[in-house]
Every structure is written in C-alpha cells, then in structure tokens.
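First the structure, then my questions, so here it is.
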Amino acid sequence: PFEPWDGQNILGAKLLIKAFGKCTTDHISMAGPWLRFRGHLDNISNNCLIGAVNAFNMKTNFVKNQITGDYDGVPATQRKYKAAGIPTVVVGDHNYGEGSSREHAAMEPRHLGV
C-alpha cells in the first residue's frame with residue numbers, strides 16, 4: 001500500500017511535467033503493448049505520462065530534469081527524482097485524468113513518487 005498523506009504541505013517540489021492540452025487517462029497510461037504489464041505496477045509505470053505533451057517544448061515523453069538539466073523520458077526522470085527523495089508534481093491542462101483507465105492513471109504517478 002501507498003503511504004498515506006501526512007497532511008503537511010509539499011515543499012521544495014519539482015515540476016515533472018506541465019501537460020499541454022488534453023491529458024486523459026490515455027495520455028497518462030497508454031494502452032496497447034503496455035497492457036501486458038498491467039499486473040506489474042513497476043513495469044507498467046514505465047509508460048507513465050509518455051503520451052502527455054510537455055507544455056514547455058511541445059514534445060511527448062521529453063522533460064527536463066531540473067537537477068541535472070538533462071532531458072529524458074518522463075518515467076526515467078521521475079525515477080531519478082524519487083531515488084533522490086525529491087517530491088514532484090504534475091500540472092494538467094484540461095481533461096486531466098478523464099477516461100476509462102483511471103486505476104493505472106492514478107497508481108502509476110503515485111508509484112513513481114509524484
């Protein structure tokens with residue numbers, strides 16, 4: 001189980017991605033070949049937000065690591081933040097999380113530490 005929220009404000013968080021335009025569950029957790037991992041949260045989390053368009057460069061699955069300045073995929077960047085104990089947030093534009101795959105769309109970012 002995930003640790004419950006401690007009720008405190010999140011301080012010092014880094015922005016993982018600011019999604020541009022629609023960011024439905026299909027953008028957060030794409031279907032297709034990824035569905036073979038649906039029973040393994042860590043593996044399917046490698047698909048987390050890879051379909052979301054980054055508002056800062058208009059590319060998918062290409063975000064700036066705010067610690068190193070390097071660009072990488074969303075899941076890889078978030079895994080580095082998580083390993084370093086850095087809290088992160090995701091900002092959605094419209095339709096964030098709307099769709100049919102809500103379970104994975106909610107669990108994947110949480111599993112990765114968002």
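The values are calculated or read from the model by the stated rules, or taken from the named source; none is laboratory data. What you are looking at is a predicted structure, and each value in this text was computed from that prediction instead of being measured. Using ideal geometry, Cβ is built from the backbone for each residue, glycine included, and neighbour counts are taken over all protein chains shown.
Across segment 58-114, what is the total count of residues that are in a helix (DSSP H, G or I) and either over 20 Å from Leu41 (Cα atoms) or of a type outside the set (Lys, Arg) (or both)?
Number of matching residues: 16.
So, one more: Starting from segment 21-35, take each residue that is closer than 14 Å to Glu103 by Cβ and part of a helix (DSSP H, G or I) and list its partners that are aliphatic (A, V, I, L, M) and modelled with pLDDT under 90, counting only C-beta distances under 7 angstrom and pairs at least six apart or across chains.
Thr25/Ala105; Ile28/Ala105; Trp34/Ile44
Restricting attention to segment 36-57, report how many residues are among the small types (Gly, Ala, Ser), part of a loop (DSSP other than H, G, I, E, B) and under 19 Å from Arg102 (Cα atoms). Let's see the steps before the verdict.
Residues of segment 36-57 among the small types (Gly, Ala, Ser): 39, 45, 51-52, 55.
Going one step further and asking which of them are part of a loop (DSSP other than H, G, I, E, B), we end up with 39, 51-52, 55.
Retained after the next criterion (residues that are under 19 Å from Arg102 (Cα atoms)): 39, 51-52.
Total meeting the criteria: 3.
Yes/no matrix, rows are residues, columns are (1) closer than 20 Å to Ala106 by Cβ; (2) modelled with pLDDT of 95 or more; (3) in contact with a strand residue (DSSP E or B) (Cβ under 7 Å, 6 or more places away or on another chain); (4) surrounded by 18 or more Cβ atoms within 10 Å (Cβ to Cβ):
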position: Pro1; (1), (2), (3), (4): yes, no, no, no
position: Leu16; (1), (2), (3), (4): yes, yes, yes, yes
position: Thr24; (1), (2), (3), (4): yes, no, no, yes
position: Leu35; (1), (2), (3), (4): yes, no, no, no
position: Asn57; (1), (2), (3), (4): no, yes, no, no
position: Phe62; (1), (2), (3), (4): no, yes, yes, no
position: Tyr71; (1), (2), (3), (4): no, yes, yes, no
position: Lys80; (1), (2), (3), (4): no, yes, no, no
